[in-house]
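The values are calculated or read from the model by the stated rules, or taken from the named source; none is laboratory data. Quantities reported herein were computed from a predicted structural model and do not represent experimental measurements. Neighbour counts are summed over all protein chains in view; Cβ atoms, including those assigned to glycine, are modelled from backbone coordinates with ideal geometry.
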Amino acid sequence: MQKIFTAIMIIGLASSCGKGFLEVSPIDQKTVEDFYKTPQDAMEALVAAYSVLNQDGYGNILLTTEIASDNCFGGGGNGDGGMRQWDRFENYNDHNSAAWKKYYVGIYRANVFLQQIDNVDFGNDADTKKRLIAEAHFLRAYYYFDLVRMFGNVPLITEPLEPGNYNVPQANPEEVYKLIAEDLKLAANDLSDRKYADIPPAEQGRATRWAAKALLGRVFLYYTGYYNKPDIAGVFTKADAIAAIDDVINNSGHSLVEKYFNLWRASAEAGGYAGQNNQEAVFAIQYTYQGLKNWDQNNGNRIQVMIGIRSQVLLPYYKGWGAATVNPKLWDAYQAGDTRKSATIISIQDEGLAGSYVVGDQYQYTGYFIKKNTPLNDKKPEDLGGDFQIDNYDNDVVIRFADVLLMGAELNLGTDAGKAQGYYDRVRDRAFGDQLHRKTLTAGAAGLQLIMDERRFELALEGHRYWDLLRQGMTVAKAALDNTSTNPVFNVAFRTETQGLFAIPQTQIGLSNGSLTQNDGWN
């Protein structure tokens with residue numbers, strides 16, 4: 001762990017990202033001792049904490065968990081090893097180290113900010129100070145939630161570590177979730193409550209009150225489901241979760257884009273793309289091509305090249321590395337008339353690409369690739385001076401309003417059937433373009449299953465499925481995740497002894513001098 005924290009004692013490493021509030025000067029040569037004087041200093045330090053969101057590739061939780069879910073296989077090339085291990089629940093070459101480091105870098109930067117912010121002279125502008133502090137709490141909670149979901153037993157660090165104090169023991173997950181809930185409650189209280197339409201374009205991507213409340217709902221549902229608890233450590237109850245989600249639905253100004261397929265460039269009808277920060281994006285990670293081939297920057301969406309069709313251009317799509325090939329079971333599970341099917345998945349056969357597609361060294365070829373955010377030939381970063389490997393620039397919408405509606409339906413299912421039904425219907429009506437495909441929610445297991453099914457199709461390939469399975473229990477998870485095929489490369493056996501947690505990087509265990517122990521099932 002020492003390498004994680006000593007390597008980032010310089011608070012900079014935030015570089016100009018060319019997108020709204022991320023447009024600040026690099027501060028990679030400024031130290032804590034001569035920084036934190038002016039509000040601009042504080043803003044640059046906060047951007048340093050935000051910038052960790054952009055660190056992608058093997059450290060991206062979306063790619064990791066889509067491969068681990070029943071939505072996708074590992075894919076990639078025949079010589080690629082790491083990605084398929086997430087699919088098969090095997091420990092391989094320390095392949096979770098990028099995620100571990102990423103999240104602790106983000107936590108460190110948020111902690112430094114919170115420790116030093118009182119040294120900044122804000123004059124009479126107390127509101128700006130309060131808002132920036134709230135954003136730092138949001139970011140720390142965001143990073144910890146991803147970290148604790150992935151690894152379960154993680155060190156809880158709430159201030160910058162001092163030399164000689166790097167070997168922090170693992171905390172009880174309840175302690176971590178308690179901090180997450182407290183951070184998000186503070187953020188929800190102090191963040192901007194402006195409605196979506198009132199947010200200036202330059203501030204898109206910053207945390208809002210609505211993002212904090214939506215994330216609180218997500219954390220509540222996951223923690224209480226996975227750990228079978230009634231609330232989050234006594235600090236956030238189901239009633240609190242219902243109130244938070246209802247507030248987002250009713251007061252945020254966010255809403256559904258009219259047509260599902262217009263949410264993504266690759267599936268949008270001509271002229272219909274809803275845009276990067278449309279009204280459905282409650283919280284989105286901002287990307288740009290303006291790294292312009294600089295591998296030391298993390299401005300571009302590196303997941304896009306990883307999921308693109310491997311090593312070939314099949315119009316309108318652009319080339320990529322062929323990771324996370326889609327399981328045909330997902331394609332086949334969509335109901336006839338559901339517009340989400342073709343908006344979510346590229347079908348080589350159904351899109352008339354079979355005659356020109358070449359399998360080549362594509363591993364685990366299924367005939368299906370991720371369409372959401374796949375790179376497009378007419379939007380390739382080379383045309384803007386970038387590199388297709390690192391400079392793709394579609395945002396990652398990590399909290400979408402449709403998800404909030406389905407969380408609302410789930411939370412209200414046993415207490416307000418009418419409200420739950422209304423939220424559920426809004427999502428399903430858009431998917432089919434009519435009200436003829438509605439299903440009636442009933443309290444209990446049957447109604448919950450309908451909501452989970454809807455989440456599967458509505459949020460497919462956006463990084464939610466694996467967590468939705470785990471919070472329903474290991475029996476449900478194993479039934480979905482196991483895969484048997486006549487071709488052994490597609491055989492998957494979920495190991496319940498892991499409880500769905502990932503392997504803690506062995507390098508970190510080695511550096512910890514015994515303070516870290518490996519999760520069950522990974523020794």
Expected single match for in contact with a Gly (Cβ under 9 Å, 6 or more places away or on another chain), modelled with pLDDT of 90 or more, acidic (Asp, Glu) and closer than 17 Å to residue 150 by Cβ among 44, 66 is 66
Subset of the range 236-254, residues in a loop (DSSP other than H, G, I, E, B) and either within 20 Å of the chain's Cα centre (by Cα) or within 17 Å of residue 419 (Cβ to Cβ) (or both), comes to 252, 254
For the range 198-211, the count of residues that are free of Cβ contacts under 8 Å to residues at least 60 places away in the same chain and in a helix (DSSP H, G or I) equals 2
Scanning the range 316-353 for residues that are among the β-branched types (Val, Ile, Thr) and not in a strand (DSSP E or B), the one nearest to residue 75 (Cα to Cα) turns out to be 325
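So that you can scan it fast, the table gives a plain yes or no per residue for (1) surrounded by fewer than 19 Cβ atoms within 10 Å (Cβ to Cβ); (2) outside any helix (DSSP H, G or I):
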{"position": "425", "(1), (2)": "yes, no"}
{"position": "434", "(1), (2)": "yes, yes"}
{"position": "442", "(1), (2)": "yes, yes"}
{"position": "452", "(1), (2)": "yes, no"}
{"position": "455", "(1), (2)": "no, no"}
{"position": "476", "(1), (2)": "yes, no"}
Within the range 36-72, of all residues that are in contact with a strand residue (DSSP E or B) (Cβ under 8 Å, 6 or more places away or on another chain) and either within 15 Å of residue 143 (Cβ to Cβ) or not aliphatic (A, V, I, L, M) (or both), the one surrounded by the most Cβ atoms within 10 Å (Cβ to Cβ) is 72
Restricting the range 77-95 to residues that are among the small types (Gly, Ala, Ser) and modelled with pLDDT of 80 or more, the one nearest to residue 310 (Cα to Cα) turns out to be 77
If you go through 438, 430, 400, the only one that is in contact (Cβ under 8 Å) with a residue 12 or more places away in the chain, farther than 30 Å from residue 315 by Cα and among the basic types (Lys, Arg) is 438
Selection status of residue 253, farther than 30 Å from residue 189 by Cβ, small (Gly, Ala, Ser) and touching a residue at least 40 places away in the same chain (Cβ under 8 Å): no
_With the structure loaded, tell me whether residue 214 is touching a strand residue (DSSP E or B) at 6+ places or on another chain (Cβ under 9 Å), in contact (Cβ under 8 Å) with a residue 12 or more places away in the chain, part of a helix (DSSP H, G or I) and farther than 23 Å from residue 473 by Cβ or whether it fails that test._
yes
Within the range 276-307, residues small (Gly, Ala, Ser) and either under 20 Å from residue 387 (Cβ atoms) or in contact with an Asp or Glu (Cβ under 6 Å, 6 or more places away or on another chain) (or both) come out as 291, 300
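For the range 245-257, check the following and say yes or no: at least one residue is over 18 Å from residue 403 (Cβ atoms) and at pLDDT 95 or above. Break it down stepwise before answering.
Residues of the range 245-257 that are over 18 Å from residue 403 (Cβ atoms), as a first pass: none.
The answer is no, given that none of the residues of the range 245-257 is over 18 Å from residue 403 (Cβ atoms) and at pLDDT 95 or above.
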Of the listed residues (180, 107, 157), the one being surrounded by fewer than 23 Cβ atoms within 10 Å (Cβ to Cβ) and among the β-branched types (Val, Ile, Thr) is 157
Worksheet item: Hey, does the range 501-508 have a residue that's in contact with a helix residue (DSSP H, G or I) (Cβ under 7 Å, 6 or more places away or on another chain), over 21 Å from residue 327 (Cα atoms) and part of a helix (DSSP H, G or I)?
Response: yes
Filtering the range 442-464 down to residues that are touching a strand residue (DSSP E or B) at 6+ places or on another chain (Cβ under 9 Å) and of a type outside the set (Gly, Ala, Ser) yields 458, 459, 461, 462
